[in-house]
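Please read the structure below before turning to the comments.
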Amino acid sequence: MREATVTTDPWGRVDDDGTVYVRTAEGERAVGSWQAGEPEEALAYFHRKYDELAGQVQLLEQRVKSTDLAPAQAEASILKLREAVAEAHAVGDLAALGDRLNALSELVGKRREEVKAARDQARVVAKDVKERIVAEAERIAEDTTHWKTGGERLRQLVDEWKAAERIDRATEATLWKRLSAARTAFAKRRKAYFSSLDEQRDQVRSAKERIVSEAEALSSSTEWAPTAAAYRELMRRWKSAGRASREAEDELWGRFKAAQDLFFQARSAVFAERDASLAANAEIKERLLVEAEAILPVTDARSARGALRGILERWEAAGPVPREQRDRLEGGLRKVDDAVRRAEENEWKRSNPEARARAQDTVNQLRRSISQLEQRLAKAPAGSKAAKEAEEGLVARRSWLEEAERTLAEFS
């Protein structure tokens, strides 16, 4: 038979009938019964139950304080442990465990407020991000004509949207509707552009087909200068017509180039044959030029003119020469002709007594005029208007006198 109640433990006791009690602020509460051994063993067993419960509380404290355990999950764990402590079949300081759970609940409450504030801030940021995404998408839909890059950017904006934090449902739905509308508007505008581009390309193809037909009709022409000019005009029209589709552009250009090449190759062949004959003409004129230059210097104008007249007749009979030699040959002969003409003019002057007399009279008149002006200048006050007029008259007449004396010298 058991002795009186065991009371040696501050947190519990074992009654003489084996009932185990735990002491709480509200009084004792039966937590179990023990019939298998001594009361100390019963208390030790129920202390271990308490230690297990305290270990769960400590583990939860560590998880809350050292991990990013979600507040809702932490609160659920606290509530579960709180119920376990309230109904614990254990002996120990259950009130202390409750206090620890209360403190932990306060910490989770603060964490919840922090998470809520962070979430609210994230939603504000996410709203700004999504409004920026929508605004950019609407600008692309309205303005851009770089269709490839515009389409790629819209796809990137959708990815950015999905990666951003969610915001309140109503705002999210409104912004998503605008983003979808922008993508649809861009797609419609791009489709309309390419439709109009196809129509333009068809028009360009028709225009270039007409150009090619004209080029092919001219390919056998032998009117070299006007046809070459016509091909230049066709090329101008080709460049200003725009571009057809790549396939049509390549095919039409091939035909245009073939027709143009056919004409210019034929022209080159004719010109090459002509150049061969012109080269022979140039050889003749080279010899005639040497013969003409032998006239210089002219000592007898009449005989020089007769010799040059015969050379000119043979020059004309020789025919045209290559363009690159024409100016040199014609220029050389012209110099000889100028020299002969000057010799004829000088001879005529020497043989014309009336012209010599007129030249002598001019010289005499200018000399008298200069003498009179020198006398007036000597009498006029320095710096006066009369002196200035006399000086200006002297300068002009002395210049005229030099020219008249040169002319008179040619009659000598």
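Overview of results
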| read-out | value |
| --- | --- |
| Selection status of Leu101, in a helix (DSSP H, G or I), more than 21 Å from Val14 (Cα to Cα) and in contact with a Lys or Arg (Cβ under 8 Å, 6 or more places away or on another chain) | yes |
| Boolean, Ala86 is small (Gly, Ala, Ser), surrounded by 16 or more Cβ atoms within 10 Å (Cβ to Cβ) and within 30 Å of Pro39 (Cβ to Cβ) | no |
| Unmet requirement for Glu114, which otherwise passes all of (1) under 30 Å from Ala164 (Cα atoms); (2) touching a Leu at 6+ places or on another chain (Cβ under 8 Å) | (2) |
| Test result for Leu79, more than 28 Å from Pro10 (Cβ to Cβ) and over 60 Å from the mean Cα position of the chain (by Cα) | yes |
| Residue in region 26-39 that is surrounded by 13 or more Cβ atoms within 10 Å (Cβ to Cβ) and assigned to a helix (DSSP H, G or I) present | yes |
| Hits in region 227-269 (condition: among the basic types (Lys, Arg) and over 30 Å from Ser195 (Cβ atoms)) | Arg232, Lys257, Arg267 |
| The listed residue being modelled with pLDDT under 90, part of a helix (DSSP H, G or I) and either farther than 30 Å from Ser268 by Cα or not assigned by TED's automatic domain parsing to the domain that holds Arg139 (or both), out of Glu233, Glu216, Glu199 | Glu199 |
| Among the residues listed as Leu104, Leu43, Leu69, the single one being crowded, with 19+ Cβ neighbours inside 10 Å and touching a helix residue (DSSP H, G or I) at 6+ places or on another chain (Cβ under 8 Å) | Leu104 |
| Pairs with Cβ under 9 Å, 6+ apart, first in region 308-327 and assigned by TED's automatic domain parsing to the domain that holds Glu286, second in a loop (DSSP other than H, G, I, E, B) | Leu308/Ile295; Ile311/Ile295; Arg326/Pro320 |
| Residue match in region 81-100 (condition: among the β-branched types (Val, Ile, Thr) and farther than 29 Å from Asp17 by Cα) | no |
| Residue that is farthest from the chain's Cα centre (by Cα) [pool: residues in region 49-64 that are more than 16 Å from Ala96 (Cα to Cα) and either of a type outside the set (Val, Ile, Thr) or assigned to a loop (DSSP other than H, G, I, E, B) (or both)] | Gln62 |
| Test for Thr149: is it surrounded by fewer than 15 Cβ atoms within 10 Å (Cβ to Cβ), modelled with pLDDT of 90 or more, more than 30 Å from the chain's Cα centre (by Cα) and part of a helix (DSSP H, G or I) | no |
| Qualifying residue in region 310-325 (condition: under 30 Å from Ala280 (Cβ atoms), acidic (Asp, Glu), within 60 Å of the chain's Cα centre (by Cα) and exposed (fewer than 14 other Cβ atoms within 10 Å of the Cβ)) | yes |
| Residue check, Ala192 in contact with a Lys or Arg (Cβ under 8 Å, 6 or more places away or on another chain) and modelled with pLDDT under 90 | no |
| Members of region 261-311 found to be at pLDDT 85 or above and charged (D, E, K, R), listed by number | Asp261, Arg267, Glu283, Lys285, Glu286, Arg287, Glu291, Glu293, Asp300, Arg302, Arg305, Arg309 |
| Failed item in (1) without any contact (Cβ under 8 Å) to a residue 12 or more places away in the chain; (2) closer than 30 Å to Ala343 by Cα; (3) charged (D, E, K, R), with Arg305 passing the rest | (1) |
| Flag for Glu316 being assigned to a helix (DSSP H, G or I) and under 30 Å from Arg350 (Cα atoms) | no |
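The values are calculated or read from the model by the stated rules, or taken from the named source; none is laboratory data. Remember, predicted model here, so these are calculated numbers, not experimental data. Positions of Cβ are generated from backbone atoms using ideal geometry, with glycine treated the same way; all protein chains shown enter the neighbour counts.
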